[in-house]
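**Student:** What follows is a single structure, and I will ask about it in a moment.
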Amino acid sequence: MLSEFYENINSFTYGDKNSLDMGLVVYEKENIYGSPKPVITKVNIPGRGDVILNNKTDPLDNDEYEDFTMIFKCYVMPEEYQNLETVAQNINLWLYKNVQYTRLETSYEPNYYRLAHVAKEMTVEEIAAGLLETLKIEFVCHPYKYACDGEKTLTLTKETNVFNTEGLTAYPYLKIYGTGAITLYVNDRAHSFKNVEDYIEVDSALLNAYKRDTLQNNKMLTTLFPKLTPGENKIRWAGNVSKVDIVPRWCSL
């Protein structure tokens, strides 16, 4: 792939394709590091004036932020000019074949990724016209960026301290191997489960407990899901547990 030969040229990867493999080089960017605005809800209380409401259901949750727009200005690599229409068709298919939040990585922050979708649709003709000068691609991004290291599985076989360096609460995926009644402790919080058979999977982002494709929420005895706060997190358990796999999903702004 072309991206393997242009390591020092700026680019982005959207979904499963790098911009260089589509014939595009990023020469200018806007808001690449993000500047999400907090979602602020105010209420006026007589005698006190405006008060900002905190809509968190859990004090450990992160504050709410708005999506923001990231912009790439691109030019087409010289060897692609002879196939300009084909390049435009390929770019159109790449960007719009599946319009939903998709993984977006950039050469500017190689250790992080975001979830984004294209802000506005362009026709093949509009893309081709842009390739003659500058093609401007806008993405709407979720406010948080995710550390690639946070996708690595941490396997715990004993009480362990897990350190979150990213500054925001992380919502992990856990696979708890054990049977019967189990309680998982994350810092001072207890997360209890009943009638576990072999293992139970817990996704704190999706707010679901399951085993493969079968929901197991009825085996959770607590309503709050495990969360990893900034700094040190002490993890231990009670019951017949052999190990716990954690994908931490570290995130920051």
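**Student:** Here are some residues: Asn217, Asn208, Asn187, Asn195. Which one is open to solvent by 20 Å² or more (accessible area, probe 1.4 Å), under 26 Å from Cys251 (Cβ atoms) and touching a Lys or Arg at 6+ places or on another chain (Cβ under 6 Å)? Give the derivation first.
**Tutor:** Details: Asn217 fails: touching a Lys or Arg at 6+ places or on another chain (Cβ under 6 Å); Asn208 fails: touching a Lys or Arg at 6+ places or on another chain (Cβ under 6 Å); Asn195 fails: under 26 Å from Cys251 (Cβ atoms).
Matching residue, one of Asn217, Asn208, Asn187, Asn195: Asn187.
**Student:** Another question, then. Of all residues in the range 68-110, how many are part of a helix (DSSP H, G or I) and of a type in the set (S, T, N, Q)?
**Tutor:** As a first pass, look at the range 68-110 and keep what is part of a helix (DSSP H, G or I): 78-96.
Keeping just the survivors that are of a type in the set (S, T, N, Q) gives 82-83, 86, 89-90, 92.
Within the range 68-110, residues that are part of a helix (DSSP H, G or I) and of a type in the set (S, T, N, Q) number 6.
**Student:** Might you check whether a residue that is open to solvent by 50 Å² or more (accessible area, probe 1.4 Å), aliphatic (A, V, I, L, M) and assigned to a helix (DSSP H, G or I) occurs anywhere in the range 111-126?
**Tutor:** No, every residue in the range 111-126 fails to be open to solvent by 50 Å² or more (accessible area, probe 1.4 Å), aliphatic (A, V, I, L, M) and assigned to a helix (DSSP H, G or I).
**Student:** Within the range 200-213, is there a residue that is farther than 18 Å from Asn233 by Cα and aromatic (Phe, Trp, Tyr)?
**Tutor:** Checked against the condition, which is being farther than 18 Å from Asn233 by Cα and aromatic (Phe, Trp, Tyr), the range 200-213 yields at least one hit.
**Student:** Moving on. So, of the residues in the range 220-241 that are touching a His at 6+ places or on another chain (Cβ under 8 Å) and touching a residue at least 40 places away in the same chain (Cβ under 8 Å), which turns out to be least open to solvent (accessible area, probe 1.4 Å)?
**Tutor:** Within the range 220-241, the first condition is being touching a His at 6+ places or on another chain (Cβ under 8 Å), and the residues that meet it are 220, 222, 224-226.
Next, only the ones that are touching a residue at least 40 places away in the same chain (Cβ under 8 Å) stay: 224-226.
Values: Leu224: 66, Phe225: 21, Pro226: 3 Å².
Looking at residues that are touching a His at 6+ places or on another chain (Cβ under 8 Å) and touching a residue at least 40 places away in the same chain (Cβ under 8 Å), I get Pro226.
**Student:** I'm told Ala129 meets every condition in (1) closer than 30 Å to Tyr33 by Cα; (2) assigned to a loop (DSSP other than H, G, I, E, B); (3) open to solvent by 50 Å² or more (accessible area, probe 1.4 Å) except one. Can you identify the failing condition by its number?
**Tutor:** In the conditions (1) closer than 30 Å to Tyr33 by Cα; (2) assigned to a loop (DSSP other than H, G, I, E, B); (3) open to solvent by 50 Å² or more (accessible area, probe 1.4 Å), Ala129 misses (2) alone.
**Student:** Still on this structure, I have one more. May I ask you to verify whether Lys158 is over 21 Å from the mean Cα position of the chain (by Cα) and open to solvent by 40 Å² or more (accessible area, probe 1.4 Å)?
**Tutor:** On the way: over 21 Å from the mean Cα position of the chain (by Cα): yes; open to solvent by 40 Å² or more (accessible area, probe 1.4 Å): yes.
Taking the combined requirement at face value, the residue satisfies it.
**Student:** What is the number of the single condition among (1) open to solvent by less than 40 Å² (accessible area, probe 1.4 Å); (2) assigned to a strand (DSSP E or B); (3) closer than 26 Å to Pro36 by Cα that Lys136 does not meet?
**Tutor:** Among (1) open to solvent by less than 40 Å² (accessible area, probe 1.4 Å); (2) assigned to a strand (DSSP E or B); (3) closer than 26 Å to Pro36 by Cα, the lone unmet condition for Lys136 is (1).
**Student:** Just wondering, is there one or more residues in the range 30-52 that are basic (Lys, Arg), under 29 Å from Leu207 (Cβ atoms) and modelled with pLDDT of 85 or more? Steps first, please.
**Tutor:** Filtering the range 30-52 for residues basic (Lys, Arg) gives 37, 42, 48.
From what's left, under 29 Å from Leu207 (Cβ atoms): 37, 42.
Checking which are modelled with pLDDT of 85 or more leaves us with 37.
Yes; the residues of the range 30-52 include at least one that is basic (Lys, Arg), under 29 Å from Leu207 (Cβ atoms) and modelled with pLDDT of 85 or more.
**Student:** Name every residue in the range 70-105 that is open to solvent by less than 60 Å² (accessible area, probe 1.4 Å) and of a type in the set (Ser, Thr, Tyr), in order of residue number. Show your work before the answer.
**Tutor:** Our first condition is that a residue be open to solvent by less than 60 Å² (accessible area, probe 1.4 Å); within the range 70-105, this holds for 70-74, 76-77, 80, 84, 87-88, 91-92, 94-96, 102, 104-105.
Tyr96, Thr102 - these are the residues of the range 70-105 that are open to solvent by less than 60 Å² (accessible area, probe 1.4 Å) and of a type in the set (Ser, Thr, Tyr).
The values are calculated or read from the model by the stated rules, or taken from the named source; none is laboratory data. These numbers come from a predicted model, not from an experiment. Please note: Cβ atoms are built from the backbone with ideal geometry, for glycine as well, and neighbour counts cover all protein chains shown. Heads up: the accessible areas ignore ligands, DNA and RNA and are worked out on the full protein's heavy atoms, side chains in. Shrake-Rupley method; radii C 1.70, N 1.55, O 1.52, S 1.80 Å.
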